[in-house]
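The values are calculated or read from the model by the stated rules, or taken from the named source; none is laboratory data. This one's a predicted model, so the numbers in the text were calculated from it and none came from an experiment. We place every Cβ from the backbone using ideal geometry, glycine too, and count neighbours over all the protein chains shown. In case anyone asks, the SASA skips ligands and DNA or RNA and just uses the protein heavy atoms, side chains included. Shrake-Rupley method; radii C 1.70, N 1.55, O 1.52, S 1.80 Å.
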Amino acid sequence: MLFVFHIESSGTVPLSHNLTTVIFTLLFANNSLVACAMALCGGVGAMALPSELIVHIFSFLSDRDKLRASSVCSRWRECLFYPSLWTELKLRVGGGSNGGGYGSEQTPRLDFLMRKFGSFVHELQLEFAPVEGYLRPLNGVEGRMESVESDPQFPDRWKDAIITYLDQVLCVLGCIRNNRNLQKLSLYGDTSVLQDEGILDSTYLNQVDQGGVKIKEIQQLLVEVLSNSRQMKWLSSAFMLGVVTPCSLASLSNPSAASLEHLSLLDNQLPCLSSPVELERLVHLRSLALDFCDFTSEMCRLLAGGHRAPLHRLSLMVNGAALEAKPLDCTASEDDWKALVRRCANLRVYMMALDVSSQDLLRVLKPSLPLERIHLDSYSTLVTDGTLELISQQYNKTLSHFVLMRDDTGFPDLSVNRNEDPLVLLTWRCVHLSVLVIHGYTVWSHNLVAISRLRGSSLKVLAVSEESIDFDPDQGVFMEGDPVHNLVKEVSQGLGRIWHPSMDSNLVLSEPTQHFHREMQSFSLGM
């Protein structure tokens, strides 16, 4: 059951309405419940029904409809806030009035909802969007922020964004601090744009949180949440400003340490958030996500130990901008990976490389790494044909997802000549490839047709931005009609389904850290 936090407000239903009619109206969209609703309307009034039955009926409604129905009367309100109806919440908060969630003016509403549900919710998934709705994109580029100097209103806007973020994180953590039934806690904050621009250093933050009072309170609340938990199975915090520290994991209670199956602690600006000492307690861990530079030889050898459950999913993020402060020298060696794969036969790895040079990529991509998904994303660096050749040869039996993105001017051609395209070779060699996404590099139309024919219907996703596709001038001499129409027709035939290039680059060009977080979630759930 998912709760979309951006809920449209609706007026109360007049109490003069027959409540059985209201039940029928609320349930009419659910075909499986029409018979039940008709029975209610034809017999005893809804007020005479036992609360248990009303709660059961309401369990079939969407979360939005539940909140609307709670305004009918006090009886329905009491039934609709029954704990069994709200075991799982998915919230997107922050972002101002134009964002996907709630701005500062609606923080009280968030406070009301969390006070109602926070003490008994079992699964809580939150995405905080402090930047969204407050800060404009940089020169029309999605996901990049205007510089401080170019926007005279920026100081007030970013202050409002961060103040709202801190208040809402305090609200949420304060309401779940004593929840002993919490089994899943997933936090994501898209503050990486601010971090990249240097806005989140101590000088700026001190203007909105003098002495770090609120951040210290947030960190203490997370410690209480973890220490009070008794059956935590999923713990994830990605790019959350001021929430997790290197000492946070030590506060996890022993019962939760024994039950935890997924751990994800990510923040490019901090040292390692999950040390081998703390991981040693998590003997049933089956899924792990962390910065690649934090995946050391010591940690790899620990995870390969025979006294713990085998690891099934490993998500790694390599940030080229952070490699100076966190070098690759201490990361797991080829021998370490071999030992881990021997112990964890079903291990699969998802990796995102953000603005990483080809030279560093060659050091990262060890032959024994069981790579299933890779996302190469950059603003300034270029992926070379040699890197693609290495990937297609080393991971031809495991690779299923390949995403190649570049957000910069120009569309470089990866192929030495148009008839030996490395993307075609990768498609041919990687027999399990099912997802291929390309933007920012030139893809020749005849090579795109070859890709569709090589994998056919097994290529479930083929997303190529329209501006990335180029046509061979000589091709028009031998073919009649519109080249775009011919391309769409041939690729559709190759895939066995209707296909079109992506007209909107935003459909394939998303904020990298957000994409990594969401992909990591689905990848880890697959275990």
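Given the convex hull of the Cα atoms of segment 383-439, what is a quarter of its surface area in nm²?
In nm², the orientation-averaged hull projection of segment 383-439 is 3.8.
Got the relative contact order for segment 381-526 handy, in percent, Cα pairs under 8 Å and 6 or more residues apart?
Relative contact order, segment 381-526: 22 percent.
Straight-line reach only, C-alpha to C-alpha below 19 angstrom: list the lysines that Lys489 could link to, leaving out same-chain residues fewer than 8 apart.
Lys460
If r is the Cβ-Cβ distance from Glu224 to His500 and R0 is 56 Å, what FRET efficiency results, to the nearest 0.05?
Between Glu224 and His500 the formula returns 0.65.
When ranked by the protection proxy of mean other Cβ atoms within 10 Å per residue, highest first, what sequence do the peptides 451-462, 237-248 form?
Order by mean packing, descending: 237-248, 451-462.
Amide H neighbours of Met232 under 5 Å, at least 5 residues apart or on other chains, H built in the peptide plane: list them.
Ser256
Whole-Hz ³J(HN,Hα) for each residue in segment 270-285, computed from phi via Karplus 6.51 cos²θ - 1.76 cosθ + 1.60 with θ = phi - 60°, x for glycine and proline: what do you get?
Going residue by residue, I get 10, x, 3, 8, 9, 7, x, 4, 6, 5, 4, 6, 8, 6, 9, 5 Hz, with x marking Gly and Pro.
With no solvent and one point per C-alpha, what does the Debye sum give as log10 I(q)/I(0) for segment 381-526 at q = 0.22 Å⁻¹?
These q points yield log10 I(q)/I(0) values of -1.68.
How big is the C-alpha Rg of segment 275-366 next to the rule-of-thumb value 2.2 N^0.38 Å, as a ratio?
Here the answer is 1.05, to two decimals.
Would you please classify the overall shape of segment 241-394 from the alpha carbon gyration tensor, given that a ≥ b ≥ c denote the square roots of the eigenvalues, rounded means a/c under 1.5, and beyond that prolate means a/b larger than b/c while oblate covers the rest?
oblate
Please turn the phi angles of segment 389-402 into ³J(HN,Hα) values with the Karplus equation 6.51 cos²θ - 1.76 cosθ + 1.60 (θ = phi - 60°), one per residue in order, whole Hz, x for glycine and proline.
Result, ordered by residue: 4, 4, 4, 5, 7, 6, 10, 5, 9, 10, 5, 10, 10, 10 Hz.
Near the amide H of Ala289, under 5 Å away, which other amide H atoms are found, from residues 5 or more places off or on another chain, if H is placed in the peptide plane?
Leu263, Ser264, Leu265, Ser315
For Arg348, what residues show an amide H to amide H distance below 5 Å, using hydrogens built from the backbone and excluding near sequence neighbours?
Result for Arg348 returns Arg313, Leu314.
How much of the accessible area of segment 381-526, probe 1.4 Å, is carbon plus sulfur, in whole percent?
Taking all protein chains in place, segment 381-526 shows 55 percent carbon and sulfur surface.
Take each of the peptides 336-349, 403-416, 429-442, average the number of other beta-carbon atoms within 10 Å over its residues, and list them starting from the highest.
My ranking of the peptides, most packed first, is 429-442, 336-349, 403-416.
Per residue, how much accessible area does segment 303-423 have with a 1.4 Å probe, in Å²?
Ligands and nucleic acids excluded, the result is 40 Å² per residue.
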